[in-house]
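The values are calculated or read from the model by the stated rules, or taken from the named source; none is laboratory data. Quick caveat, the model's predicted, so the values are computed rather than measured. Neighbour counts are summed over all protein chains in view; Cβ atoms, including those assigned to glycine, are modelled from backbone coordinates with ideal geometry. When the accessible area is computed, the model is the full protein with side chains, heavy atoms only, and any ligands, DNA or RNA have been set aside. Shrake-Rupley method; radii C 1.70, N 1.55, O 1.52, S 1.80 Å.
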Amino acid sequence: MRLLIVEDDAALGERLLERLKGAGYAVDLAADGIDGAHLGATEPYDAVILDLGLPGKPGLSMLREWRGAGNTVPVLILTARDGWSERVAGLQAGADDYLGKPFHVEELLARVQALLRRAAPVQAPELRTGPWRLDEARQCLLHDDGREQALTGTEFRLLRYFMRHPGQVLSKTRLAEHVYDYDAERDSNVIEVYVRRLRTLLGATCIETRRGQGYVFQGGR
Ligand code: CA
């Protein structure tokens, strides 16, 4: 899952970036409305955290442009604590949720997770494949027999993306776009290596290869 933060308060932006990366997301940070509008229009994010008061271009204008162009990415807006009119305008412009400043980062994290859950086709509260359950908080796999399997950051992000899109053909490019942030070197061939690793962990049939198209997550038995 890949997130975009658009926030001109550098200290807050960095704090959110670190916290969300720590929670296992690939995250890009834009510090003004111009960069933010460009990234949001061109990169395939799974959710956007959008401050409304921004240099370059106001958050509301960005949001209206994205929605006007058919971009349905879930957007959580950050508003002034007493800014009820801002919140109304934001929701009318197509925001999915809002949070008034100042806020606790834990609440932001919970709201982002809720947005992603609502947006993904998987309705189940837990991500499960065969006897394995993905523990999103601890970024590991838990077996029904009590065993625990550690995952690297990339393994976790890739597996979570697969689990949220079961039965769909996912190209290596698309997987790389959702697993790595903008600054990472996105070599889609590396995805092959990680898929092999996930097959070792979960069984060879859990991820099917579609030659020339990509992969389909079938889940484990
Ligand atoms: Ca601001």
Original post:
Can you name the number of the only condition in (1) open to solvent by 50 Å² or more (accessible area, probe 1.4 Å); (2) more than 19 Å from A26 (Cα to Cα) that G214 fails?
Top reply: (1)
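When you check D144 against the structure, is it acidic (D, E), within 16 Å of the ligand (Cβ to nearest atom) and either surrounded by fewer than 19 Cβ atoms within 10 Å (Cβ to Cβ) or at pLDDT below 90 (or both), yes or no?
Answer is no for this residue.
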**OP:** Search the range 75-92 for residues being under 22 Å from the mean Cα position of the chain (by Cα) and open to solvent by less than 20 Å² (accessible area, probe 1.4 Å), and hand back the single one that is nearest to the ligand (Cβ to nearest atom).
**Re:** L78
**OP:** Could you tell me which numbered condition L63 fails, if it satisfies all but one of (1) touching an Asp or Glu at 6+ places or on another chain (Cβ under 8 Å); (2) under 23 Å from L20 (Cα atoms)?
**Re:** (1)
Subject >> Pairs, first aromatic (F, W, Y) in the range 97-122, second outside any strand (DSSP E or B), C-beta under 8 Å, six or more apart >> reply: Y98/R87; Y98/G90; Y98/L91
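Listed here are the residues, each with its yes/no results for (1) within 13 Å of the ligand (Cβ to nearest atom); (2) under 23 Å from D183 (Cα atoms); (3) hydroxyl-bearing (S, T, Y).
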{"position": "I5", "(1), (2), (3)": "yes, yes, no"}
{"position": "A11", "(1), (2), (3)": "yes, yes, no"}
{"position": "L17", "(1), (2), (3)": "no, yes, no"}
{"position": "L20", "(1), (2), (3)": "no, yes, no"}
{"position": "L39", "(1), (2), (3)": "no, yes, no"}
{"position": "A47", "(1), (2), (3)": "no, yes, no"}
{"position": "L52", "(1), (2), (3)": "yes, no, no"}
{"position": "L63", "(1), (2), (3)": "no, no, no"}
{"position": "G94", "(1), (2), (3)": "no, no, no"}
**OP:** Give just the number: which of (1) closer than 14 Å to Y182 by Cα; (2) open to solvent by 20 Å² or more (accessible area, probe 1.4 Å); (3) at pLDDT below 95; (4) touching a Leu at 6+ places or on another chain (Cβ under 9 Å) does M1 not satisfy?
**Re:** (2)
Original post:
Just wondering, is there one or more residues in the range 181-189 that are over 26 Å from A30 (Cα atoms) and surrounded by fewer than 20 Cβ atoms within 10 Å (Cβ to Cβ)?
Top reply: yes
Original post:
Among the numbered criteria (1) modelled with pLDDT under 90; (2) surrounded by fewer than 17 Cβ atoms within 10 Å (Cβ to Cβ); (3) polar (S, T, N, Q), which single criterion is violated by T129?
Top reply: (2)
Original post:
Any idea which of (1) surrounded by 18 or more Cβ atoms within 10 Å (Cβ to Cβ); (2) in contact with a Cys (Cβ under 9 Å, 6 or more places away or on another chain) is the one L170 doesn't satisfy?
Top reply: (2)
Subject >> Considering residues of the range 155-166 that are crowded, with 18+ Cβ neighbours inside 10 Å and not charged (D, E, K, R) only, the residue farthest from R199 (Cα to Cα) >> reply: H165
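I'd like to check something: does the range 101-118 contain any residue that is closer than 15 Å to L20 by Cβ, within 16 Å of the ligand (Cβ to nearest atom) and not aliphatic (A, V, I, L, M)? Working first, answer last.
So the first thing to find is which residues in the range 101-118 are closer than 15 Å to L20 by Cβ, and the list is 103-116.
If we keep only those that are within 16 Å of the ligand (Cβ to nearest atom) too, we end up with 103, 108.
Next cut, not aliphatic (A, V, I, L, M) only: 103.
There is at least one residue in the range 101-118 that is closer than 15 Å to L20 by Cβ, within 16 Å of the ligand (Cβ to nearest atom) and not aliphatic (A, V, I, L, M).
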